[in-house]
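A.B. asks: The structure that follows is given in the form of structure tokens.
The values are calculated or read from the model by the stated rules, or taken from the named source; none is laboratory data. All values derive from a computational prediction rather than experimental measurement. For neighbour counting, all protein chains shown are included, and Cβ atoms are generated from backbone atoms with ideal geometry for every residue, glycine included.
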Amino acid sequence: MTTFFKTYWSSRKLYALGWKQFFSTNRTLLLFSFFTFLSVLLLRSWFHFTHPGLYVEDTSHYFNYFYGDIRGFKSLLHNPNGYLTILTNTIALLTAKLDVRLQPTVYLLTSTTMTIAAVMALPCSGLLKNRYILFCSPFLLGLSGINHLFYYTTLTYLIYVSVILLFSLLFWETGDSNLGTGLLFIFLSLLIWSGPFSVLTVPFSLMFILFFKGKTRFLLGLMVVAIFYLLCVTDKTIMLSNIFHGAIRRIWFNTLILNVFLMEARHVVTPKIEIFFTLFFTGILFFFRKDSFYLKIALLLFILINGSLALLFLSKKYLLYQTLLPCYLFIPQFFWLFFLLFTADRFLVNHRKLVHMGIPIACCFFAFILYDNLHHPEKWEISRMPALPRFLEVVHNNEMHHWEKENKLKIITTPGRGSFRPTAKVGKRGDDTTEVEFIHVE
């Protein structure tokens, strides 16, 4: 056994994607695809990109908490959900120093930039070679893989986007520059400290090291960072005993089939669906049985697909909420769609005479995007906050009065989404003698 392992370990192939040649060959295509995708994205949700809001925990965890620039650097460790989100806390802390009227816009620009970067990271990695598949990949990942508009418009959902960006960048080659590699390590470490799903770094890195050489020390370092982050989580939700519950296993299986593989296009797992996916994966194993690189990358993708579901079903979260929110499905759906892109691409690369079959395959992906967006409007449309501009203007005008000099405090609110209500406290705080006035902006 020891001899076998030593032989295998020394025979591992270097993880190399030929990125320089790939980028020089496809730079124009990638830029065209990027700007076309960006145009479609903006047109699809033009109102929301031109009218920033304060949705979900952007109100309570970020705007309301950091408003007034009264928080120090200790607030970077602010963890109302029991886990640290260093990146979003840093953004909120710095944004609080700006004019209040600009703060929702900064939230939106930051989240949009990060999410677009996450969408483009895998297409730019060099894993995809066929030009037709490469062109359509940002559309499939950015318009369907990003399964809710909140990822583009809120700081809150950056904890999931950070994980997508983290693992997408882990599929990149390591650079030749020690400085560049060091900066990348620091950036990925920051992403690990930005959300609980980053714990998948541990199994992903272990398997990557087992499959390839060239990134071993880099990945071992990130594993240490991820383990240390996990130890800092104060609200432990792990329930490994769930694996022994038949009902949980069945829900897990149905979620994988219906919500991930079928992208919520069906609601019941039938025998025909089970047979279809059995034949689908059997066929993949047959066609790619000699392509070890494909099989290794596919397994890494499935660690992310099923591993993210494991973090849900082997914890208290599902038992507490009893529902599958889009954020729980985001990571598995995103990497499942990339798995389909990678599978189609690798098939065409291995059969060069069929290179132009990429055209009908890309058309199928575009048809799915249209179908998917028509049936899931939350990917491009959400409820609006028409009173928010007036709220921000009222807050700004009250700031100009310097109410603290008159021993007054104005608590200004406006309707939010659901129970989340933007609130700004303007004036003197922390004094029981302060005259308090409540102002509600409709």
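A.B. asks: Please tell me if Tyr83 is part of a loop (DSSP other than H, G, I, E, B) and either closer than 30 Å to Tyr294 by Cα or touching a residue at least 12 places away in the same chain (Cβ under 8 Å) (or both).
C.D. replies: yes
A.B. asks: In the stretch 90-112, which residues are surrounded by fewer than 18 Cβ atoms within 10 Å (Cβ to Cβ) and touching a His at 6+ places or on another chain (Cβ under 8 Å)?
C.D. replies: Selection gives Asp99, Arg101.
One line per residue, one yes/no per condition, for (1) touching a strand residue (DSSP E or B) at 6+ places or on another chain (Cβ under 7 Å); (2) surrounded by fewer than 21 Cβ atoms within 10 Å (Cβ to Cβ); (3) at pLDDT 95 or above; (4) in a helix (DSSP H, G or I):
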site: Gly182; (1), (2), (3), (4): no, yes, no, yes
site: Ser194; (1), (2), (3), (4): no, no, no, no
site: Phe197; (1), (2), (3), (4): no, no, no, yes
site: Val202; (1), (2), (3), (4): no, yes, yes, yes
site: Ile209; (1), (2), (3), (4): no, yes, yes, yes
site: Phe218; (1), (2), (3), (4): no, yes, yes, yes
site: Met223; (1), (2), (3), (4): no, yes, yes, yes
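A.B. asks: Just give me the residues in the stretch 94-106 being in contact with a helix residue (DSSP H, G or I) (Cβ under 6 Å, 6 or more places away or on another chain) and in a helix (DSSP H, G or I), in sequence order.
C.D. replies: The answer is Thr95, Val100, Arg101, Gln103, Val106.
Conditions (1) under 16 Å from Phe34 (Cα atoms); (2) touching a helix residue (DSSP H, G or I) at 6+ places or on another chain (Cβ under 7 Å); (3) outside any helix (DSSP H, G or I), marked per residue:
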position: Ser111; (1), (2), (3): no, yes, no
position: Thr115; (1), (2), (3): yes, yes, no
position: Met120; (1), (2), (3): yes, yes, no
position: Leu140; (1), (2), (3): yes, yes, no
position: Leu143; (1), (2), (3): yes, yes, no
position: Leu155; (1), (2), (3): no, yes, yes
position: Val163; (1), (2), (3): no, yes, no
position: Phe167; (1), (2), (3): no, yes, no
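A quick yes/no check of all residues on (1) among the hydrophobic types (A, V, I, L, M, F, W, C); (2) under 18 Å from the mean Cα position of the chain (by Cα); (3) part of a helix (DSSP H, G or I):
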site	(1), (2), (3)
Leu324	yes, yes, no
Ala344	yes, no, yes
Gly358	no, no, yes
Phe365	yes, no, yes
Ile369	yes, no, yes
Asp372	no, no, yes
His396	no, no, yes
Met400	yes, no, yes
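A.B. asks: From the list Leu38, Leu30, which residue is closer than 30 Å to Ala96 by Cβ and either in a helix (DSSP H, G or I) or modelled with pLDDT under 95 (or both)?
C.D. replies: The unique qualifying residue is Leu38.
A.B. asks: Follow-up question, since we're still on this one. Among what's in the stretch 54-75 and is modelled with pLDDT of 90 or more and among the aliphatic types (A, V, I, L, M), pick the residue that is surrounded by the fewest Cβ atoms within 10 Å (Cβ to Cβ).
C.D. replies: That would be Val56.
A.B. asks: With the checklist (1) in contact (Cβ under 8 Å) with a residue 60 or more places away in the chain; (2) within 26 Å of Thr343 (Cα to Cα); (3) not charged (D, E, K, R) in hand, flag the one item Phe286 doesn't pass.
C.D. replies: Checking Phe286 against (1) in contact (Cβ under 8 Å) with a residue 60 or more places away in the chain; (2) within 26 Å of Thr343 (Cα to Cα); (3) not charged (D, E, K, R), the one that fails is (1).
A.B. asks: Cβ-Cβ below 7 Å, separation at least six or inter-chain, first residue in the stretch 50-78 and more than 19 Å from Leu108 (Cα to Cα) and assigned by TED's automatic domain parsing to the domain that holds Leu392, second of a type in the set (Asp, Glu) and assigned to a helix (DSSP H, G or I): which pairs?
C.D. replies: As it stands, the answer is none, since no pair meets every condition given.
A.B. asks: In this structure, does Thr115 turn out to be modelled with pLDDT of 95 or more, under 24 Å from Ser198 (Cβ atoms) and either buried (at least 16 other Cβ atoms within 10 Å of the Cβ) or of a type in the set (D, E, K, R) (or both)? First the steps, then the outcome.
C.D. replies: On the way: modelled with pLDDT of 95 or more: yes; under 24 Å from Ser198 (Cβ atoms): yes; either buried (at least 16 other Cβ atoms within 10 Å of the Cβ) or of a type in the set (D, E, K, R) (or both): yes.
Spelling it out, Thr115 is indeed modelled with pLDDT of 95 or more, under 24 Å from Ser198 (Cβ atoms) and either buried (at least 16 other Cβ atoms within 10 Å of the Cβ) or of a type in the set (D, E, K, R) (or both).
A.B. asks: Which of the residues spanning the stretch 18-35 are under 20 Å from Cys136 (Cα atoms) and in contact (Cβ under 8 Å) with a residue 24 or more places away in the chain?
C.D. replies: Trp19, Phe22, Phe23, Asn26, Leu29, Leu30, Phe32, Ser33, Phe34
A.B. asks: Which of the residues belonging to the stretch 402-440 are under 19 Å from Val100 (Cβ atoms), among the hydroxyl-bearing types (Ser, Thr, Tyr) and assigned to a loop (DSSP other than H, G, I, E, B)?
C.D. replies: Hit for the stretch 402-440 is Thr414, nothing else.
A.B. asks: Which of the residues spanning the stretch 242-253 are within 20 Å of Phe276 (Cβ to Cβ) and either among the aromatic types (Phe, Trp, Tyr) or surrounded by 14 or more Cβ atoms within 10 Å (Cβ to Cβ) (or both)? Break it down into steps so the answer makes sense when it comes.
C.D. replies: Narrowing the stretch 242-253 to residues within 20 Å of Phe276 (Cβ to Cβ): 250, 252-253.
Hits for the stretch 242-253 are Trp252, Phe253.
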